[in-house]
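Below: the structure, in structure tokens.
The values are calculated or read from the model by the stated rules, or taken from the named source; none is laboratory data. Since we're looking at a predicted model, the values are computed, not measured. Here the Cβ is made from the backbone with ideal geometry for all residues, glycine too, and neighbour counts use every protein chain on show.
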Amino acid sequence: MKIMILNGPNINFLGIREKEVYGHQNYADMCNYLKDIAESKGISLDIFQSNIEGEMINILQRAYFEKYDGIIINPGAYTHTSIALFDAIKSIEIPTLEVHLSNIHKREDFRKISYTAVACVGQISGLGVDSYVMGLEYFYRMFSKK
């Protein structure tokens, strides 16, 4: 099973920005933690991050050609603005799960709207890094049944 995690803008600043919202764990530590969990389940995991919307689209399109089984995406602020990411997720036809570290439904009103979630199989938010862990577990169970 081959899974991709794609993180959007400012996720690379974990442990630096808004610690009261996003926690104290830095980005590298989070990625290593997720890779360890994936490895323990026999999941091949690649993690990407970009602050650039077009680059995120390129990575999603690459996932199609490289035959990923599933994608966990945290589009960051593009969640609330990007029709282009919505279109890219729809076009690749790979099961994609949207995750957020914070509970976007308990934050500013504009964060309650997700353009990208409509193209995804589901959304997990508000559980910190466990949002990603639950995403990995979802794909593990989904593909283990097949």
Residue check for GLU98: surrounded by 18 or more Cβ atoms within 10 Å (Cβ to Cβ), acidic (Asp, Glu) and at pLDDT 95 or above: yes
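Among the residues of the stretch 113-132, are any farther than 21 Å from LEU60 by Cβ, touching a residue at least 60 places away in the same chain (Cβ under 8 Å) and part of a loop (DSSP other than H, G, I, E, B)?
At the first step, the residues of the stretch 113-132 found to be farther than 21 Å from LEU60 by Cβ are 126-130.
Narrowing further to those that are touching a residue at least 60 places away in the same chain (Cβ under 8 Å): 128-129.
Going one step further and asking which of them are part of a loop (DSSP other than H, G, I, E, B), we end up with 128-129.
Scanning the stretch 113-132, I find at least one residue that is farther than 21 Å from LEU60 by Cβ, touching a residue at least 60 places away in the same chain (Cβ under 8 Å) and part of a loop (DSSP other than H, G, I, E, B), so the answer is yes.
So in the stretch 57-95, with the set limited to residues that are of a type in the set (Ser, Thr, Tyr) and surrounded by fewer than 19 Cβ atoms within 10 Å (Cβ to Cβ), which one is nearest to MET4 (Cα to Cα)?
Just the residues of the stretch 57-95 that are of a type in the set (Ser, Thr, Tyr), to begin with: 64, 68, 78-79, 81-82, 91.
Among the residues that remain, those that are also surrounded by fewer than 19 Cβ atoms within 10 Å (Cβ to Cβ) are: 64, 81, 91.
On the way: TYR64: 11, THR81: 22, SER91: 16 Å.
That would be TYR64.
Considering only residues that are within 13 Å of the chain's Cα centre (by Cα) and buried (at least 19 other Cβ atoms within 10 Å of the Cβ), which ones fall in the stretch 32-46? Walk me through how you get there before you give the answer.
Just the residues of the stretch 32-46 that are within 13 Å of the chain's Cα centre (by Cα), to begin with: 34, 45-46.
If the condition is that a residue be within 13 Å of the chain's Cα centre (by Cα) and buried (at least 19 other Cβ atoms within 10 Å of the Cβ), then LEU34, LEU45 are the ones that fit.
Please verify whether PHE110 is free of Cβ contacts under 8 Å to residues at least 40 places away in the same chain, in contact with a helix residue (DSSP H, G or I) (Cβ under 6 Å, 6 or more places away or on another chain), exposed (fewer than 14 other Cβ atoms within 10 Å of the Cβ) and not β-branched (Val, Ile, Thr), treating the condition exactly as stated. Give the derivation first.
On the way: free of Cβ contacts under 8 Å to residues at least 40 places away in the same chain: yes; in contact with a helix residue (DSSP H, G or I) (Cβ under 6 Å, 6 or more places away or on another chain): yes; exposed (fewer than 14 other Cβ atoms within 10 Å of the Cβ): yes; not β-branched (Val, Ile, Thr): yes.
Against the criterion (free of Cβ contacts under 8 Å to residues at least 40 places away in the same chain, in contact with a helix residue (DSSP H, G or I) (Cβ under 6 Å, 6 or more places away or on another chain), exposed (fewer than 14 other Cβ atoms within 10 Å of the Cβ) and not β-branched (Val, Ile, Thr)), PHE110 qualifies.
Only one residue in PHE139, PHE143 is at pLDDT below 95 and part of a helix (DSSP H, G or I), so which one is that?
Numbers: PHE139 fails: at pLDDT below 95.
Step by step, each of PHE139, PHE143 is checked, and only PHE143 is at pLDDT below 95 and part of a helix (DSSP H, G or I).
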Count of the stretch 58-75 residues which are without any contact (Cβ under 8 Å) to a residue 60 or more places away in the chain and either under 13 Å from the mean Cα position of the chain (by Cα) or in a strand (DSSP E or B) (or both): 2
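For the stretch 76-85: of the residues being part of a helix (DSSP H, G or I) and of a type in the set (Gly, Ala, Ser), which is nearest to the chain's Cα centre (by Cα)?
Of the residues in the stretch 76-85, the ones part of a helix (DSSP H, G or I) are 76-80, 83-85.
Pick out the ones that are also of a type in the set (Gly, Ala, Ser) and you get 76-77, 84.
Details: GLY76: 9, ALA77: 12, ALA84: 16 Å.
So the residue we want is GLY76.
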Close pairs (7 angstrom Cβ cut-off, 6 or more residues apart or separate chains): polar (S, T, N, Q) and surrounded by fewer than 18 Cβ atoms within 10 Å (Cβ to Cβ) in the stretch 1-12, at pLDDT below 95 and in a loop (DSSP other than H, G, I, E, B) anywhere: ASN10/ARG17
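Does ALA38 satisfy the criteria of being modelled with pLDDT of 95 or more, out of contact with any Leu (no Cβ under 7 Å at 6 or more places or on another chain) and part of a helix (DSSP H, G or I)? It would help to see each step written out before you state the result.
Details: modelled with pLDDT of 95 or more: yes; out of contact with any Leu (no Cβ under 7 Å at 6 or more places or on another chain): no; part of a helix (DSSP H, G or I): yes.
Answer is no for this residue.
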Of all residues in the stretch 47-56 being over 13 Å from the mean Cα position of the chain (by Cα) and either among the aromatic types (Phe, Trp, Tyr) or surrounded by 15 or more Cβ atoms within 10 Å (Cβ to Cβ) (or both), the one that is farthest from ALA117 (Cα to Cα): ASN51
